[in-house]
Amino acid sequence: MTTHGRVLVVDDESGIRFSLKGILEDEGFEVIEAESGEAAVALLEGGEAADLLFLDIWLPGMDGLATLSRIRQERPELPVIMISGHGTIETAVTALKSGAFDFIEKPLSLEKVILAASKGMEFALLKQENLALRHSLGDQTVTLTGESPAMLELKEMIAQVAPTDAWVLITGENGTGKEIAARLLHATSRRASQPLVAVNCAAIPEELIESELFGHEKGAFTGADKAQLGKFELAHKGTLFLDEIGDMSLKTQAKILRILQEQRFEHVGGRKTISVDVRVIAATNKDLAAEIKAGNFREDLYYRLKVFPLTVPPLRQRASDIPLLIEDFVEQLVRRSGCRRAAFSPQALALLSTYPWPGNVRELKNFVERMLIIMNGREVTADRLPPEILAQCRVPAPGAAAPTAGQQTSNAAPAPPVCLADDEDDLADGLLPESFPAGPLDLKQARAAFEARFLEAKLKEFGGNVSKLAEAVGLDRSSLYRKLKGYGIMAD
Ligand SMILES: Nc1ncnc2c1ncn2[C@@H]1O[C@H](COP(=O)(O)OP(=O)(O)OP(=O)(O)O)[C@@H](O)[C@H]1O
Ligand SMILES: [Mg+2]
């Protein structure tokens, strides 16, 4: 017999179990029963399949609310419909706030039972589909583009550590791809079908961190007008991604350390201890060893998180990935944003592979988007590159087109800066443009190119002293600083 799903009915009154079973079976559901909260939890923990639960609020022993919270820990996706008796409506409302799907009142009405069951089952199916979809998308969409030796090594390490349950600490400069590496780790781990919950430690105010991570009960503090699950519970059986951990206050670090050690906690304003099973992946752009020396990061937390360290190298150290990444981003933008495709000439690619990319892959991605919009289908040639980018490119080795995988430019002796020329094969040396470039460069761009090169040279001459340079060129310090940042001559 095919069924519409499997329902677990939990009630100590056999009469209620009997009538619910009758109604539900008539509707095509398969029904299993438990007469107490403990028995229901044992059934589910023992691997008994159920798509939906009817749960009485008043139960001897572990009551309905306690059973609900246990079940939500084990099977957060399972819809639970509370059965409320006379005088327990308020409790039913509390149950809804703690994650119950719905409630029905005793005496049971046939229509209400059927309606609640079919709504619950629809929800269960949607959740299951969603999970399956997320799983399949997860595998398809997380790709770490790059074939440079550094990238191949990183991918190899991810493949090794992903199936283990080891905790991982990912370090790398801004925009190098730490988050995408964490997503790939999760997507290729045994926890892939469970949630990946990301927490940006830098973005949560210190006084809210506990409630964010551990959840809170209604009324736990001013503004807590409803109970809320914390990130740790949401990540149960899955992965918790603690991003920007280098930016947490020492007080928050102490709290996190305790919970990471115990994997047990209480909701803010609650008394019950909740245990979770989470794998932690942490990421930071800070040098944590230096932060420890400076007294800004706890050494014990560092060692707790750094079971398996991974470093995502800056883009300038894997320049051979740049053409591949550009190709990838062009594809993405054409497909998703409807941008017009534009080709990058070999000379443009070769030059871009020498730009230092202080914002790493994120900067490259934004750059590609900007170029596609500006070019609107035209080819991106060397002389069409923005002046502030050109100002920091070097002349590639003679005859070099885009570097091939394996070639690294980071350790090469710096080549002279680029001088714009209309003919791509004729890129001349020299700090300042000797002649005015012809072609599509307009006056504004030429001025900017000149200004960038001029300020860069003068800044060097003044030993990097912005105030002295400001005085010399007759600009106030802050506008000069803005310009230097804008041209990428100084980092933020
Ligand atoms: N190897 C890669 N292949 C494809 N896309 C990448 C790669 N690395 C980074 N990206 C893309 O670049 C952007 C920045 O990556 P991500 O957010 O993972 O960096 P991050 O290191 O976490 O940055 P931040 O330090 O600023 O948090 C994202 O849009 C990401 O999809
Ligand atoms: Mg990030």
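The values are calculated or read from the model by the stated rules, or taken from the named source; none is laboratory data. Note that the coordinates shown come from a computational prediction; the quantities given were computed from them, not determined experimentally. Methodologically, a virtual Cβ is constructed for each residue, glycine included, from the backbone with ideal geometry; neighbour enumeration extends over all protein chains shown.
What are the pairs, 6+ residues apart or on separate chains, where a residue within segment 172-184 that is in the same structural domain as GLU244 (by TED's automatic domain parsing) and under 17 Å from ASP287 (Cβ atoms) has its Cβ under 9 Å from a residue that is hydrophobic (A, V, I, L, M, F, W, C) and near ligand 2 (Cβ under 8 Å from one of its atoms)? Hits for this filter: GLY172/ALA283; LYS178/ALA283. Of everything in segment 158-176 that is surrounded by fewer than 17 Cβ atoms within 10 Å (Cβ to Cβ) and among the aliphatic types (A, V, I, L, M), the residue that is farthest from ligand 1 (Cβ to nearest atom) is ALA166. Of note, LEU52 satisfies the criterion of being crowded, with 16+ Cβ neighbours inside 10 Å and within 37 Å of the chain's Cα centre (by Cα).
Conditions tested, residue by residue: (1) in a strand (DSSP E or B); (2) more than 16 Å from ligand 1 (Cβ to nearest atom).
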| position | (1), (2) |
| --- | --- |
| GLY270 | no, yes |
| ILE274 | yes, yes |
| ASP277 | no, yes |
| TYR303 | no, yes |
| GLU331 | no, no |
| VAL334 | no, no |
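Residues satisfying the criterion are present in segment 289-309 (criterion: under 22 Å from VAL199 (Cα atoms) and polar (S, T, N, Q)). Does ILE274 meet the test of being without any contact (Cβ under 8 Å) to a residue 40 or more places away in the chain, touching an Asp or Glu at 6+ places or on another chain (Cβ under 7 Å) and aliphatic (A, V, I, L, M)? Spelling it out, it is not the case that ILE274 is without any contact (Cβ under 8 Å) to a residue 40 or more places away in the chain, touching an Asp or Glu at 6+ places or on another chain (Cβ under 7 Å) and aliphatic (A, V, I, L, M).
Contact map, segment 11-34: first residue in a helix (DSSP H, G or I), second residue small (Gly, Ala, Ser), Cβ cut-off under 7 Å, separation 6 or more or different chains; pairs are LEU24/ALA117.
On inspection, ALA39 passes the criterion of being of a type in the set (A, V, I, L, M), part of a helix (DSSP H, G or I) and assigned by TED's automatic domain parsing to the domain that holds LYS119. Select from segment 197-233 the residues that are modelled with pLDDT of 85 or more and under 15 Å from the mean Cα position of the chain (by Cα) and write down the one among them that is nearest to ILE71 (Cα to Cα). Only one residue tops the list, namely LYS231. State yes or no: is ALA198 among the hydrophobic types (A, V, I, L, M, F, W, C) and either farther than 30 Å from ALA150 by Cα or within 16 Å of ligand 1 (Cβ to nearest atom) (or both)? Yes, satisfied.
Of the set (1) more than 16 Å from ligand 1 (Cβ to nearest atom); (2) free of Cβ contacts under 8 Å to residues at least 40 places away in the same chain; (3) out of contact with any Phe, Trp or Tyr (no Cβ under 8 Å at 6 or more places or on another chain), all apply to PHE367 but (1).
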